[in-house]
Structure formats: structure tokens, C-alpha cells
1. For the pair A392 and A307, what calculated FRET efficiency results from E = 1/(1 + (r/R0)^6), where r is the Cβ-Cβ distance and R0 = 45 Å, to the nearest 0.05?
2. Which of G291, G317, G283 moves most in a GNM of the chain, Cα contacts under 10 Å?
3. Work out, step by step, the length gained on full extension between R100 and A187: first 0.36 nm times the residue separation, then minus their alpha carbon distance; give nm to one decimal.
4. Find how much the distance from R156 to R58 grows on full extension, using 0.36 nm per residue of separation minus their present alpha carbon separation; answer in nm with one decimal.
5. Under 4.7 Å Cβ to Cβ, no partner at all: give me those cysteines from the chain, in residue order.
6. For the stretch 176-283, which trypsin sites (Lys or Arg not before Pro) are in a loop by DSSP, counting at most 16 other Cβ atoms within 10 Å?
7. List the residues, sorted by chain then number, that are 5 or more residues from I109 or on another chain and whose placed amide H is less than 5 Å from its amide H.
8. Compute the relative contact order of the stretch 20-267 as a whole-number percentage, counting only Cα pairs closer than 8 Å that sit 6 or more residues apart in sequence.
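Only the coordinates and a few stated rules stand behind these numbers; no lab work does. Bear in mind the structure is a predicted one, so any value in this text is a computation, not a measurement. So basically every Cβ, Gly included, is an ideal-geometry build from the backbone, and we count neighbours across all protein chains shown.
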Amino acid sequence: MSEPDSRGDATTPALIPPPLSLYIHIPWCVRKCPYCDFNSHGQRGELPIGEYVAALVRDLEQDLPLVWGRPVHSVFFGGGTPSLFPPAAIGDILAACAARLKFHPGAEITLECNPGTAEHGRFEGYRAAGVNRVSFGIQSFDDGCLQRLGRIHDSREAEAAVKLAQDAGLDNLNLDLMYALPGQDLAMALHDIERAIALQPAHVSHYQLTLEPNTQFAARPPEGLPEEDAAWDIQEACIARLADAGYAQYEVSAYARTGRQCAHNLNYWRFGDYLGIGAGAHGKISDGASGTIRRRWKPKNPRDYLAHAGTAAGIGGDDPIAPANRPFDYMLNALRLVEGFALRDFEARTGLTRRAIAGELATARERGWLEGDGEYLRPTELGRRFTNDVIALFLR
């Protein structure tokens with residue numbers, strides 16, 4: 001039986017498990033960037049690659065009962081810097097996963113790459129291992145900006161890395177760019193966009209630099225950050241230029257050519273399910289039989305993870321999402337999408353009736369933040385500008 005919804009209805013829609021993805025976290029990087037709040041750790045000495053691959057397999061095997069029989073639609077290697085692992089190790093991980101999980105035909109398999117770690121011949125190896133999408137953390141093509149961001153690569157290395165991947169036959173590429181950088185003006189931001197467009201990637205991620213807690217930039221903010229209005233002008237101008245070049249915005253910070261949206265991230269934003277393996281990895285799993293949704297995560301420290309992966313101590317946490325919290329969790333993801341969401345999908349993926357969010361939806365419509373018919377709702381232009389305010393309506 002499904003749990004009662006947060007407004008006390010006795011009967012609720014069936015919770016239907018959504019598509020399943022797999023996230024694999026590689027926690028090491030060459031050097032921690034001052035703006036980064038991800039679970040990443042600067043490399044010190046030789047990486048324990050073989051030991052970590054074995055730990056990932058134990059971790060996966062422990063989680064398998066949560067998803068028996070469900071196909072995996074996408075895989076994402078994130079970090080840290082996954083490209084610090086050689087192709088053979090990535091191949092071993094994918095082979096072990098494919099032996100234990102059913103991969104959907106044509107599953108998208110993404111590897112994050114720091115241009116400073118790209119080497120000749122490496123992308124051929126990744127492609128042979130099964131990787132069919134590469135996401136480059138470029139951030140800027142301005143060498144001054146890159147230095148202020150603490151990146152280990154320069155603009156020349158960034159372009160060379162992308163071309164190496166293309167020469168290896170990988171054409172599903174994403175370029176990560178940041179804007180509102182220290183010392184950056186509108187012309188510099190647009191120049192970054194032009195340099196990206198010239199490389200003809202399938203996808204561009206374009207997001208504002210934010211000062212996240214527990215980062216070096218939060219403790220010591222860099223000088224020369226653009227004011228809020230200047231940052232908004234940069235965002236609008238860059239969106240327009242990307243659109244002119246054939247990159248349609250489909251999420252707050254994501255732009256793609258037709259048919260090249262990131263399947264893995266779309267699953268997140270549509271409140272899909274995902275297994276998370278690796279140090280600090282998070283997962284979300286729905287159980288249609290019990291009507292429960294749970295979040296599960298692994299220890300962040302690589303030493304702890306290596307020591308305990310596959311055991312009870314290798315689970316950092318495993319908490320159900322209470323029905324009262326599901327509307328906020330759902331909207332935190334779905335309202336990032338330009339396409340919005342269908343109310344029937346909200347019901348299927350939360351196990352709640354649409355009545356559970358009727359008041360919040362009415363408020364959002366009154367404020368001009370949401371639009372649509374009785375079944376499908378999407379953020380307006382105003383709503384996209386104030387995404388956090390719209391989402392906050394659902395916080396209980």
C-alpha cells in the first residue's frame with residue numbers, strides 16, 4: 001500500500017519507479033579548486049586505482065537488491081577528476097557494472113574530464129571501454145580567468161583536449177563554462193561562448209560562479225566579481241548567442257543541439273532514480289511495492305570508503321523521503337527544466353495526489369511564475385529568473 005499523502009488523503013496514486021541511472025564518483029583531482037564544494041581531494045602520490053575499482057564493485061553489489069531487474073539508462077563518472085583514471089580502469093568498472101546490471105541498449109555513458117589531464121590516445125581508450133559522452137570542465141577560455149579560478153589548464157590545452165576527443169570519434173561532448181567570474185565583463189563572457197561554439201560541441205553547460213560554503217572563495221571572496229545586474233545581463237546575452245548558434249536552453253544552466261540533451265541529468269531533473277557508488281556518492285531509489293522513496297549515500301572520505309565499501313559501515317546514510325517533503329524534492333529538480341512537468345508525472349513519482357500541491361501551484365500562478373494548462377505546468381520567463389523563490393514555495 002502507498003503511504004497517505006501529506007494532506008491526509010486516504011488513497012493516493014501508485015508510486016511508479018522511474019528510469020534508473022548509475023552515478024560513479026571518482027574523488028581525486030590534481031588540485032582542489034577554490035570555488036569547488038564537491039567531494040574532491042587533491043592527489044597526493046600514486047592513486048589506489050586497483051583498490052578503488054574493487055571497492056566500487058563491492059559497493060555496487062551491496063546496493064543491487066534495491067534495483068533488481070531494473071535497466072540502467074545512463075551512467076555518469078563524476079568527481080573529482082575521473083579522467084585521472086586510465087581507460088583500462090574505466091573499462092574494468094563498466095565491465096563489472098554491466099555484468100551485474102542490465103544496461104539499456106544505447107545507454108549514455110559520460111566521463112567528466114579536466115583538460116589538464118588529457119593525453120594523446122587516451123580518448124580512444126575511453127571510447128573502446130564504452131564511454132560515449134565526455135564532459136569537459138573548461139570553465140573559461142580566458143587564461144587570466146582560469147588562473148583566478150585556480151584551474152590547472154590554459155585555453156590552449158582546453159581546445160586541444162576537445163579536439164583530441166573529437167579525433168577519437170567522440171562527438172557527444174559537453175563543455176562546462178562559468179560566468180560572472182572575477183574580473184569578467186560581458187565582452188569576455190561572450191568571447192568564451194564564441195570559443196565554445198567554434199568547437200561545435202553537442203552540449204554546453206553555462207552556470208554562474210557562486211561562493212559555496214566551506215570553499216576557499218567563501219572564506220576569502222575574490223575581487224572583481226560582477227554585480228547581480230551585470231551577471232544577469234551576461235546570462236541573457238549568452239543565452240541569446242547560444243540560441244542563435246542552435247543550442248536551445250532546456251534547463252537553468254544547460255543548452256543542447258536538437259536531441260543532444262544530457263539523458264543522465266534529465267533523469268535527475270525529472271525526479272528519476274539513481275544508484276550512487278563511490279566515496280560520497282548519493283543515490284535515490286523508489287520502491288513501488290512499499291510506496292517508499294529513499295536517499296542513500298556513502299562515506300565521503302576516500303580512506304573510509306576504501307576500508308568499508310560493501311559493508312554496513314560503508315553506508316554513510318539511508319533515509320526515507322517523508323511524503324511531506326516529496327513536493328519540495330520533486331520541484332527542486334523539475335522546476336529547473338524549461339519544459340516544466342506534468343501533474344501525472346508528479347503523482348507517479350511522488351505517490352501523492354496533485355491536491356497536495358494545489359495551494360502552492362495557485363500561488364505560483366498568481367505571481368506569474370508558472371503557466372500551462374490543467375495538466376502541464378512550466379516556469380515562465382519570470383519564474384526562471386526567480387527559480388529559487390518558486391521552489392521555496394514547496395518547502396514545508
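1. 0.70
2. In the Gaussian network model the winner is G317.
3. Length gained, R100 through A187: 26.3 nm.
4. Stretched fully, the R156-R58 segment lengthens by 31.3 nm.
5. Taking the Cβ cut-off of 4.7 Å, the unpaired cysteines of the chain are C29, C97, C113, C145, C238, C262.
6. Counting only loop positions with at most 16 other Cβ atoms within 10 Å, the trypsin sites (Lys or Arg not before Pro) in the stretch 176-283 are R257.
7. V75, N132, R133
8. Reported as a whole number, the value is 18 percent.
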